[in-house]
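The values are calculated or read from the model by the stated rules, or taken from the named source; none is laboratory data. None of these values were measured; they are calculated from a predicted model. Positions of Cβ are generated from backbone atoms using ideal geometry, with glycine treated the same way; all protein chains shown enter the neighbour counts.
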């Protein structure tokens, strides 16, 4: 009986810990060593240099202000993708469900103190959840982007 009670308590504690930790593992935020504009520009240039496409940059500040919001800090979302990597995943029907997460999106924002940050999904960790081919391809993608991010982060 004590074993069963201990097991149940252990499962509950593990669940609560995972609930608290997972968001911090799934997403990353890093401070930029550059100005806001330079961060957005260097991210786009760097992505293109490593073979990634940048199909769109969303000006979130402009969108929020257009909707009537005021005192909005600078923020943009950069969509970037690598067609070869993406195709390596979606050529398999069982892996097409990840299509909704493509292309990768990187947020760049200025906080209330004027510091510039960039953020996004932690593809290295997320890839492990999917396993198989997705893990392999997303792992490569994560390493490519991490190299770019390391050049811009403080």
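Some notes on this structure:
- Qualifying position, being surrounded by 15 or more Cβ atoms within 10 Å (Cβ to Cβ) and under 14 Å from the mean Cα position of the chain (by Cα), among 44, 76: 76
- With respect to the conditions (1) modelled with pLDDT of 75 or more; (2) surrounded by 10 or more Cβ atoms within 10 Å (Cβ to Cβ), residue 9 falls short on a single one, namely (1).
- Of the residues 109, 87, the single one that is modelled with pLDDT of 95 or more and more than 24 Å from residue 24 (Cβ to Cβ) is 87.
- Only one entry in 57, 77, 72 is touching a helix residue (DSSP H, G or I) at 6+ places or on another chain (Cβ under 9 Å), outside any helix (DSSP H, G or I) and over 22 Å from residue 142 (Cβ atoms), namely 72.
- Put simply, of 128, 66, 96, 115 the only residue that is modelled with pLDDT under 95, over 17 Å from residue 27 (Cβ atoms) and either surrounded by fewer than 16 Cβ atoms within 10 Å (Cβ to Cβ) or within 15 Å of the chain's Cα centre (by Cα) (or both) is 96.
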